[in-house]
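Scroll down for the structure; my scribbles are underneath it.
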Amino acid sequence: MKISPNINSQKMVTLTAQQKHVLFEKGTEAAFTGKYWDNHDAGMYVCAACDNELFSSDTKFDSGTGWPSFYAPVAKENVMMDSDTTYGMIRTEVMCNRCGGHLGHVFDDGPKPTGQRFCINSASLDFKKKDTQVIKSSP
Ligand code: FE
């Protein structure tokens, strides 16, 4: 795939070979091997290649699949979808709308309120943990 100019070149050098395979060759990490399928911290999942905000922890749910799963993107316009007919299946591919990096697929068997299940590779994501509030003690 053509490398988008929106990809953060400083981030590119930090990506592992597996991350590049998933993002730019539409690879899939093995289930239950990624960094985030079992992450329950509050925060924002951003694109590993360009920092685009993709999914909030508020929409993350335990799908049992071994991949981070969300019922909605943080904003519709931050992702793009395309029909994917590889491997003898009809699926809807999800990509980052800023850099075109492959994220995963979306299925119609998700929970309420959307009924959608965004099944996303950890390799395509970075997690920005929500700042925990620091309570300042009096001087
Ligand atoms: Fe991106």
Yes or no: the range 59-74 includes at least one residue that is among the β-branched types (Val, Ile, Thr) and either out of contact with any strand residue (DSSP E or B) (no Cβ under 7 Å at 6 or more places or on another chain) or within 16 Å of the ligand (Cβ to nearest atom) (or both).
yes
Given the range 26-139, what strands (runs of 3 or more DSSP E) lie entirely inside it while holding 3 or more residues that are more than 25 Å from Ser9 (Cβ to Cβ), touching a Leu at 6+ places or on another chain (Cβ under 8 Å) and touching a residue at least 24 places away in the same chain (Cβ under 8 Å)?
none
Just for the range 17-40: of the residues that are hydrophobic (A, V, I, L, M, F, W, C) and surrounded by 17 or more Cβ atoms within 10 Å (Cβ to Cβ), which one is farthest from the ligand (Cβ to nearest atom)?
Trp37
Return only the number of the condition from (1) in contact (Cβ under 8 Å) with a residue 40 or more places away in the chain; (2) in a loop (DSSP other than H, G, I, E, B); (3) within 16 Å of the ligand (Cβ to nearest atom) that Thr14 does not satisfy.
(1)
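Where a number appears in this text, it was derived from the coordinates with a stated rule and is not lab data. Bear in mind that the values here come from a model prediction, so they are computed numbers and not experimental data. Positions of Cβ are backbone-derived with ideal geometry, glycine not excepted, and every protein chain shown enters the neighbour counts.
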